[in-house]
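The next block holds one structure in the form of structure tokens; read it before the comments.
Any read-out appearing in this document is the output of simple, stated calculations on the displayed coordinates, not a laboratory observation. All values derive from a computational prediction rather than experimental measurement. Cβ placement follows ideal geometry from the backbone for every residue including glycine, while neighbour counts extend to all protein chains displayed.
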Amino acid sequence: MNSTDSGTTDLVAEGRERLDALDAGIIALVKERVTVSEQVQAARIAAGERRVNLTREMEILRRYRDELGRQGTQLAMTLLELSRGRA
């Protein structure tokens, strides 16, 4: 193996390590989002409102689409599904 191969291998390993750290952070943030969403839903229900606010969800979908494109909408839909709770 020459020095270029070794450098590439190091770069790949470092990149994967960074990606794993980013994934762990994303997972932690998603879990935090779910928890906060459950709290908001409980407060809304206690106030006699609906558990899900479709206007708010449309704002979230639009924000993700504007920032990340079509795939952002898919990501937002997944986050919203996870955050809706079990009710």
Would you confirm, using the coordinates I've provided, whether Thr55 is of a type in the set (Ser, Thr, Tyr), over 12 Å from the mean Cα position of the chain (by Cα) and loosely packed, with under 10 Cβ neighbours inside 10 Å? yes
Go through (1) touching a Leu at 6+ places or on another chain (Cβ under 6 Å); (2) over 19 Å from Met77 (Cα atoms); (3) among the aliphatic types (A, V, I, L, M) for Ala24 and report which single condition fails. (1)
